[in-house]
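**Q** A single structure is presented below for examination.
Coordinate-derived values only; no laboratory data. Keep in mind the model is a prediction, meaning the values are calculated, not measured. Quick reminder, even Gly has a Cβ in these numbers, built from the backbone with ideal geometry, and neighbours come from all protein chains shown.
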Amino acid sequence: MMKIFDAHCDVLYKMWLNNKISFKDSDILHVNYENLVFAGSQVQCFAIYIPESVRFDDRFNVALEMVDIFYERILNENPKIKLVLEKADILKLNEEEIGAILTLEGCDAIGHDLVKLKTLYRLGVRSVGLTWNFANAVADGCREKRNGGLSNFGMEVVQLSNDLKMWTDVSHLCERSFWDTIELAQFPIASHSNVYSLFQHPRNLKDDQIKAMIAKKGIIGITFVPYFLNETVQNTHIKDILNHIDYICSLGGERNIGFGSDFDGIDDTINGLEDYRGYKVLVEELQKQYSNEQIFKFCYQNFVDTFPN
Ligand SMILES: [Zn+2]
């Protein structure tokens, strides 16, 4: 079975909203333990995403609540799921084990406080998404009209991420923030973004951004959000995802493609990719067009190779 590394899901958010969901087999979840096993998961990233509705003063605390869910309801209740803090933790996983990486989607939770980011690092966070769609103290997101860049504090956040060997995640940034970040970040990824040339959505990356990611050895996690694929939106298929992969390959990015499903962060799904089990179908579709060696890079190896720590 093809090993899968998925760089983004919002299962912690869903479990935070509903404290009765069991990670083991809840069918409310796109990503649950049984689905991961079924489709060959080797590593899953779990995002801490703080909804806009949470008051500023409460955001760090909500981040801690999601960290608690990660340890109590995912790791402790599912002994085959192993915490990943460094690359060696991935490489020593056996076939039955699944590595779990804690990631931050947007720096809203840390306010203006680097100590909070260091604290999240100490709790296991290994990837720092700078914004969600709007502005925060770090940078402007892709829906923030003024298109501002990284703040001085944002530069400190990227520098700290470099020093601690965490990924800097450029997904959700506005263009100017992207360019400020790509210049500074030693370990850039786009955990869940697609190709702007194929569908002009502010969450997608333009050709020059993709080329800059390639130049920096960054990985782009192709995402399964139906709204980022093409104009058909309500009726999207796995072949639409393959178009985005083909395109990045045509720019020379075969070593820069990964997957970041956004499962549990989306209500609508792509036909054939209704939940994590769909990865099996995706791999079968890829096999019609790519060698197993290439598919292994897309599904697993590219993200593992760039894991900085
Ligand atoms: Zn997102």
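**Q** Based only on Cα atoms, what Rg/Rh ratio does the range 1-126 have, Rh being taken as Kirkwood's radius? Before the final figure, lay out each step's value.
**A** Values: Rg = 14.4 Å, Rh = 14.9 Å.
Ratio of gyration radius to Kirkwood radius for the range 1-126: 0.97.
**Q** Label points 7 Å out from Cα along the Cβ direction at Lys165 and Glu34: separation in nm?
**A** 3.8 nm
**Q** Relative contact order of the chain: what whole-number percent is it, with Cα pairs under 8 angstrom and at least 6 residues apart?
**A** On the way: 651 pairs, mean separation 59.6, N = 309.
With pairs under 8 Å counted, the relative contact order is 19 percent.
**Q** Which entries of Lys92/Lys280; Lys24/Lys288; Lys145/Lys280; Lys14/Lys288; Lys165/Lys239; Lys80/Lys280 have Cα-Cα distances beyond 30 Å here?
**A** On the way: Lys92/Lys280 24 Å; Lys24/Lys288 32 Å; Lys145/Lys280 39 Å; Lys14/Lys288 35 Å; Lys165/Lys239 35 Å; Lys80/Lys280 20 Å.
In this structure, Lys24/Lys288; Lys145/Lys280; Lys14/Lys288; Lys165/Lys239 exceed 30 Å between Cα atoms.
**Q** Tell me whether the range 218-267 comes out rounded, prolate or oblate; compute the Cα gyration tensor, take square roots of the eigenvalues as a ≥ b ≥ c, and use a/c under 1.5 as the rounded threshold.
**A** Working: a/c = 3.01, a/b = 1.47, b/c = 2.05.
Here the range 218-267 falls in the oblate category.
**Q** Taking the Cα atoms of the range 113-188, report the difference between the largest and smallest coordinate on each principal axis, in whole Å and largest first.
**A** The Cα atoms of the range 113-188 stretch 34, 21, 19 Å along their principal axes.
**Q** Next question, about the same structure. Step through the residues of the range 251-265 one at a time and calculate ³J(HN,Hα) from phi using the Karplus curve (6.51 cos²θ - 1.76 cosθ + 1.60, θ = phi - 60°), rounding each to whole Hz and writing x for Gly and Pro.
**A** For the range 251-265, the Karplus-derived couplings read 8, x, x, 4, 8, 10, 9, x, 10, x, 4, 6, 4, 6, x Hz, x marking Gly and Pro.
**Q** Same structure, new question: What is the pair-distance distribution P(r) of the range 196-282, computed from all Cα-Cα distances in 10 Å bins starting at 0, with each bin given as a whole percent?
**A** Percent of Cα pairs in each bin: 18, 52, 28, 3.
**Q** Express in whole angstrom the spacing between the alpha-carbon centres of the range 47-100 and the range 164-242.
**A** Centre-to-centre distance over Cα atoms comes out at 23 Å.
**Q** Another question about this same structure. Rank-order 172-182, 189-199, 247-257, 34-44 by packing density, defined as the average count of other C-beta atoms within 10 Å over each peptide's residues, highest first. Present the calculation step by step, with values, prior to reporting the outcome.
**A** On the way: 172-182: 22.7, 189-199: 25.6, 247-257: 17.5, 34-44: 20.3.
Ranked by mean Cβ neighbours within 10 Å, highest first: 189-199, 172-182, 34-44, 247-257.
**Q** Can you give the charge dipole size of the range 4-306 about its Cα centre, rounded to the nearest 20 debye, using +1 on the beta carbon of Lys and Arg and -1 on the beta carbon of Asp and Glu?
**A** On the way: 30 positive and 44 negative charges, 115 e Å.
For this selection, approximately 560 debye.
**Q** Go through the range 161-178 residue by residue and turn each phi into a ³J(HN,Hα) via Karplus (6.51, -1.76, 1.60, θ = phi - 60°); whole Hz please, and just put x for glycine and proline.
**A** My calculation for the range 161-178 gives 4, 4, 5, 8, 6, 10, 5, 9, 9, 8, 4, 5, 6, 6, 4, 5, 4, 4 Hz in order.
**Q** Still on this model: Calculate how many DSSP beta bridges within the chain are antiparallel, expressed in % of all such bridges and rounded to the nearest 5. Can you show the working numbers first?
**A** Details: 2 of 33 bridges.
Of those bridges, close to 5 percent are antiparallel.
**Q** Explain nothing, just compute: Karplus ³J(HN,Hα) = 6.51 cos²θ - 1.76 cosθ + 1.60, θ = phi - 60°, for every residue of the range 129-135 in order, whole Hz, x for Gly and Pro.
**A** For the range 129-135, the Karplus curve yields x, 6, 9, 9, 6, 10, 7 Hz.
**Q** Moving on to the next point. If packing is taken as the average number of other Cβ atoms within 10 Å across a peptide's residues, how do 109-120, 215-226 rank, most packed first? Provide the component values of the computation, followed by the final result.
**A** Details: 109-120: 17.1, 215-226: 24.0.
Put in order of decreasing packing, that is 215-226, 109-120.
**Q** Within the set of other residues whose C-beta is less than 15 Å from the C-beta of Gln287, count the net charge using Lys and Arg as +1 and Asp and Glu as -1.
**A** Working: positive: Lys3, Lys239, Lys280, Lys288, Lys297; negative: Asp246, Glu284, Glu285, Glu293.
With Lys, Arg at +1 and Asp, Glu at -1, the net is +1.
**Q** Also, I was wondering about something else. Add +1 for every Lys or Arg and -1 for every Asp or Glu among the other residues with Cβ under 11 Å from the Cβ of Leu164, and state the total. Please list the in-between numbers first.
**A** Numbers: positive: Lys118, Arg122, Arg126, Lys165; negative: Asp163.
With Lys, Arg at +1 and Asp, Glu at -1, the net is +3.
**Q** Just for the Cα atoms in the range 4-306, what are the lengths along the principal axes, largest first, rounded to whole Å?
**A** Rounded to whole Å, the extents work out to 48, 44, 37 Å.
**Q** What are the extents of the Cα atoms of the range 250-309 along their three principal axes, in Å, largest first?
**A** Sorted largest first, the three principal extents are 32, 31, 21 Å.
**Q** All other residues with a Cβ under 14 Å from the Cβ of Val233 taken together, and with Lys, Arg as +1 and Asp, Glu as -1, what is their net charge? Write down the numbers at each step before the final one.
**A** On the way: positive: Arg203; negative: Glu231, Asp240, Asp267, Asp268.
My count for the surroundings of Val233 gives -3.
**Q** Give the residue from His192, Leu242, Thr223 lying farthest towards the positive end of the charge dipole for the range 153-252; charges sit on Cβ (+1 for Lys and Arg, -1 for Asp and Glu) and the dipole is referred to the Cα centre.
**A** Positive-end residue among those listed: Leu242.
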